Structure formats: structure tokens, C-alpha cells
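Note sheet for the following structure.
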Amino acid sequence: MILKFTFEYQSTSLVLENILLRELKSTTLTGKLEKYGDFVSLYVKGGEEELQDFADNLSINVPYSLFLKDTKVEAVDKMPDKDYILPNYPKRELPFCPKCEKKAFEDYDPFVKCVACGYSFKSSTLKYKNFAKIITNDNEGIFKNFAKVLKNGAVAKIKTFNGYKSISLMNQKNFEKIKGDFDLLCADLESVDKICSIGKSEMLALGSFEKPILELFVNHNFLNIFPFIKNLSKVRVRLSNDLILDIICKEVKALGPCYIILSDCDEQKQYNIEIDFDSKISKNKSLEAIVLDDGQSVITKGDLGLVPKVNDGFKDISLKAFSNNFVAINDNEKIITYKKSKELPPILDTFTLGEGDLSYEAAHGAFYTVLSEHSLLDKTMAGVYFSKINNDRIMINSPKFGLVDYIIFDFNFPKTLSKLLKIMKNENETSSRLVENFMTKFPDFYKDELKFSKMGNIYKLWGVAAIMLGMQNDGDVKKGALKLIKYAASFKGKKGPRIDYKLKKDKNKPKLDNLKAIKTAMSFKLAGIDFPTLSFGVMESFAEFASNILDDISRDYEMDGVCFNGSLFESANLINKFYTITKKNYKVYLHKEFTLDDMNLGYGIINAACKK
């Protein structure tokens, strides 16, 4: 009897393939691996009882993954002719698989070696400092004592496989010490369910092999357990993604509830309580994800387990393309995306390749990444790129006429709000009355000079609007935009006020009327709309506006679908609204194994340059 186990798996990490071959090797069964595109199949031959045991074993040892889209098991008549040989890709640093977690728990050894998961550094010796006392060569004693110290209220420093962290148990004293962002590390999904509003799809994502951070609404039980936390509607929740944190959580939970405050800390800062080890680490950034309303998970930020990433490339061409933190290199018919090392040059928003005759915007790279991953270069596609750091674009790509920018968001603002209000006031009588009423009711918003980048993007518009509305106390546009996004994230309603995003003609090209959007928001502020509701309306209305532009494009071109990405979509409100509206009328494509911005730019730029 032959069983065929098929997995639709959109990752080139080789985690799944290595686990399948590892589990096959641990039996006396014979089998072959097959791979076509995103589909990985393992054929296994044996008796019925043996195959049932093997299937049960796979269900335990093959973890759910954000990249695992579907699975299927069927009986077939014969094995494939050829056995798929795994490519010799660079090893990624990865979270742990179920088998390694079990072994680490049994032996109190976080340095478990595995062909499928884990890290490349050598096994090391843990060193535990408790004030003047130093303990080594007793991992079980170290972890048990450390858990007791945390239970007693200590704030400690630990070296994890992904960097140095400040760690403490959630209580009032420790919470009041927090400066900046933090993650709430939970021991398991049951602990998360007690304090957060979480659905099945979010449960699957949070507990997946990749262990991403999710931002979740807290529930009433959270407020009962932590009554000292006020005005917090959402919290960044995560499970352990390395075995040091995992063993700590296990030991803390054995002593009681395990809710841990986790944040980055300075490697050089000394703590009274520390766990350290000698091996050099890469300081990977944990993945962050959003679960869309239809259950699909989107990786938004981070790099743990994603790089080095290998994609098919181009023959006899040597090219490099840089972004903020990554470099993509085409060599030997492969494009490999790496984290950028310190000696590599800094980003330019326009990427120049070769002799300098090929220049592309970041938006073009992001668009071409999705087109290339999904083999859509022979289709007529719309591309939407909204970023916090680069110029925004809505684009079209077609085999008939190539890549075209449909709308460029290149609006400018004066350096002060008082000058901006003067421009608004001089537009027409209606605008003049609005400005006069607004300045009369809110006379103190207009003193600071605006500080913003030269980028043309909606993020800048939202930042200026936030300052105008009084959400941000100084002229820092970036901080203003972040405030607006955070207010929108805290909104629990269904609908916000409608903000007018309109196009106007500028040199016969469509251009966003940025002042109209701000004036609409000002009128709702005058009407007494609170910040969360107003911020949600600003974001929701923009998603609807962008979707309407796609409808305009589809009237002129026979579109085969829409691709979208960019760091502005790290907002759950924006991505969910835009995705939900757009997929009603168009086939929607997102990246497969890249983040929404930065990491995805170089690979797309090289594809755009080589296929021009």
C-alpha cells in the first residue's frame, strides 16, 4: 500500500521537507519526496498498520505553519520515478519543532540540534547570575531558580537566541517600570484565551511554528487579573520562539499563572539577575502577523526564519539591490535575500543597478515581488503600495505596455500649520468659515513647525492631520501618524465617519486633494467626534478610496487581479478593510514569504530590471 501525503507549503525554508524525511528515516518504511511549485508530496510504502502509525506520527511532529495552506492524504498506485533531492540552501535560523521542544523539556537543554529547525551556533554553557552568586553546569537548577526569582517579582536580563531581553512577571510594580513597547509572553494558548479576545484563526497563527506576535484586544478577564492596567485596549501577545524562553515559561507556569513582560534591552546594561551563554547570536527580529477577517495570516514585519531566502534567478547576470536592512543578490541563477551587514551601503529610495541606467522606485520592487512569486508577469495587474518610509504608488503592469505609475502621491505641505490653515482659508468661502470656526474653538494647535520627510505618502498626510486635530502635541509628523494609527486600532465599532479623499487634475494627471481630506476631518473634530472613531474613519475612508481607484482602472483595462503591500498595511484596520473590499471584485495577491516592506524590495527590483 502506498500513501501520498501532500502539503501546499509556500516556503523555501526546507523545514517541512526536512521533517518529512527525518520522520521517514526513523522508520523501516520506504518513500520518496516530490515537489512541484508550492506542493510537497511524500510517498510512503508499507503495510496498513505501519502507515497508520506513520500518519499519526506526522500529525504530531509536523507543526502547523503560516505557510501551510492545505494538506491532503490519499492512496495511490505507484511511487514517482524520481526522488526529489533537497537543494543546498543556506541554513536559516528558525524556531523549534515539536520533537526538539520535547527533548529540551526532558533534558533542560535549550541547545538541541536538529536538521529541520533551530540555530547554527554551537552548544553552549548557561551562566546564571543571582547577585554575587554564579551558577553553571546545572541547567535544571538554573531554570527552576530563575522561575522562582521571577515569581518573587524580579526584573532580569536574559540572552535569548534572538537577542538580549528584559524579563519580568506581569504585576503592578513591574508594569509601572515599563518604558516603551513590550510584548506579553504567555506560556500557552490557554493562557492567551483567558485574557484576550481571540478566534480560531488567530489561535492557529499564534501557536504556529513561526510563533508570530499578534496584537489582540484584551477581554474583561484581563482587566480583572490586571486591575492596575488602565486605558489599554490591545496588547502585543506572543508565545516562546526559542527554547530558552520556552523552558522559562514551562517552569514559571508550574508555579502559577505565566504572563511575562518581555522587551529588548541593552546588552551592556548590568542586572542583578541574568542568564547568559557564550555563543554568538544573530539578533533576529521576531515575526509579526495580522490575521485577516477570512482567516488568512499575513506576515507584516520581522526576519526570524525568513532569510537567507532563495528564489529562482537569472542566468549570466550579477546584480545586487539594497533596501533598509536587506540585500538581494542575483548570482548563479538564484536570487538570495540576506540581512544586510554593516559594511554594505545605505538605502536610496530609488534603486540603481548595473551601470546606473536602471532605476526603480521601492514601490516597483514591492509590486514585482508579488508578480514574480505568483508568476503573474504575463497578466494585466494593478499594484498598490502604501508605505511608512517610501513613496506611495498605485501602478499597472501589463505584457502589452510594461510598468506604469497610475497615481503618484507626491503632495507637499508648508512647514507650519498656520501656513497650511492660511492656504485652506484662501481656497473658498466654505473653507474660510471652517478654518475660522476651527481656530476659534481650538486656538492652541498651530505653534510648532512641522517635521516630516520628503517622501510622498499617505503616512505623511495622516501625520499632518493628526497634528491638526490635536492628537500629537508637537510638529513631529511621524509620531502624529503613529498616534492616529494607534487610535484607530483601539476602535471597537463597525463604522467611522466618512472622510473625503478626492482626486484632482494636476498637469492632466490624477492627484490626491490632500487638503480636502484634512478639512473633512477638521469638520468632524468640530462636531465632537472622539479620536478613536475619527481615526478609524480616516483609515477606513482611505481604504474605500483606494478600492474605488482600482474600479477606475478596471474600466480602462481588463485587469486580471490586484497585488498590494507596503508597511502602511501593518495596520490591521487598513489591511482588513482594503482586502475585504477589493476581493469582492478582484482576485487579490499578497506576498508568499516576504514581509510587507523592506525585505521584499530587492528581489522585485532585480526581477523588474532583468525582465524589462
Matching residues, the range 512-564, being farther than 30 Å from SER372 by Cα and among the acidic types (Asp, Glu)
ASP513, ASP530
Select from the range 163-181 the residues that are in contact with an Asp or Glu (Cβ under 9 Å, 6 or more places away or on another chain) and closer than 25 Å to GLU101 by Cβ and list them in ascending order.
GLY163, TYR164, LYS165, SER166
In the range 379-393, which residues are in a loop (DSSP other than H, G, I, E, B) and either assigned by TED's automatic domain parsing to the domain that holds ILE335 or small (Gly, Ala, Ser) (or both)?
SER387
Residue within the range 589-601 that is more than 30 Å from GLY493 (Cα to Cα), assigned to a strand (DSSP E or B) and not hydrophobic (A, V, I, L, M, F, W, C) present
no
Report the residue count in the range 211-226 for those that are in a loop (DSSP other than H, G, I, E, B) and either surrounded by fewer than 15 Cβ atoms within 10 Å (Cβ to Cβ) or touching a helix residue (DSSP H, G or I) at 6+ places or on another chain (Cβ under 8 Å) (or both).
3
Give the residue that is nearest to the chain's Cα centre (by Cα), with candidates limited to residues of the range 279-297 that are in a loop (DSSP other than H, G, I, E, B) and closer than 13 Å to VAL237 by Cα.
LEU287
What residue, among those in the range 553-570 that are surrounded by fewer than 15 Cβ atoms within 10 Å (Cβ to Cβ) and of a type outside the set (Lys, Arg), is farthest from the chain's Cα centre (by Cα)?
ASP556
LYS78 vs. criteria in a strand (DSSP E or B) and at pLDDT 95 or above
no
Within the range 400-408, is there a residue that is on the phi > 0 side of the Ramachandran plot and modelled with pLDDT under 95?
yes
Can you pull out the residues in the range 1-26 that are farther than 17 Å from LYS113 by Cβ and basic (Lys, Arg)?
LYS4
Would you point out the residue of the range 247-257, among those that are crowded, with 22+ Cβ neighbours inside 10 Å and in contact with a Leu (Cβ under 8 Å, 6 or more places away or on another chain), that is nearest to LYS159 (Cα to Cα)?
ILE248
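So how many residues does the range 494-509 have that are on the phi < 0 side of the Ramachandran plot, loosely packed, with under 15 Cβ neighbours inside 10 Å and either in contact with a helix residue (DSSP H, G or I) (Cβ under 9 Å, 6 or more places away or on another chain) or not in a strand (DSSP E or B) (or both)? Outline the logic, then answer.
Just the residues of the range 494-509 that are on the phi < 0 side of the Ramachandran plot, to begin with: 494-506, 509.
Subsequent filtering for residues that are loosely packed, with under 15 Cβ neighbours inside 10 Å retains 494-495, 498, 500, 502, 504-506, 509.
Within this subset, residues satisfying the condition of being either in contact with a helix residue (DSSP H, G or I) (Cβ under 9 Å, 6 or more places away or on another chain) or not in a strand (DSSP E or B) (or both) are 494-495, 498, 500, 502, 504.
Of the residues in the range 494-509, 6 are on the phi < 0 side of the Ramachandran plot, loosely packed, with under 15 Cβ neighbours inside 10 Å and either in contact with a helix residue (DSSP H, G or I) (Cβ under 9 Å, 6 or more places away or on another chain) or not in a strand (DSSP E or B) (or both).
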Residue list for the range 121-135, filter: surrounded by fewer than 13 Cβ atoms within 10 Å (Cβ to Cβ) and under 18 Å from THR160 (Cα atoms)
LYS122, SER123, THR125
Looking at PHE96, PHE146, which is the one that is out of contact with any Gly (no Cβ under 8 Å at 6 or more places or on another chain) and of a type in the set (A, V, I, L, M, F, W, C)?
PHE146
Considering every residue within the range 414-426, establish whether at least one is crowded, with 20+ Cβ neighbours inside 10 Å, under 30 Å from ASP378 (Cα atoms) and touching a residue at least 24 places away in the same chain (Cβ under 8 Å).
no
Out of the helices (runs of 4 or more DSSP H) lying entirely within the range 136-210, which hold 1 or more residues that are crowded, with 18+ Cβ neighbours inside 10 Å and outside the structural domain of ASP276 (by TED's automatic domain parsing)?
none
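The values are calculated or read from the model by the stated rules, or taken from the named source; none is laboratory data. Since the structure is predicted, the reported quantities are computational estimates derived from the model, not experimental observations. Counting neighbours? That spans all protein chains shown, and the Cβs are built from the backbone with ideal geometry, glycine included.
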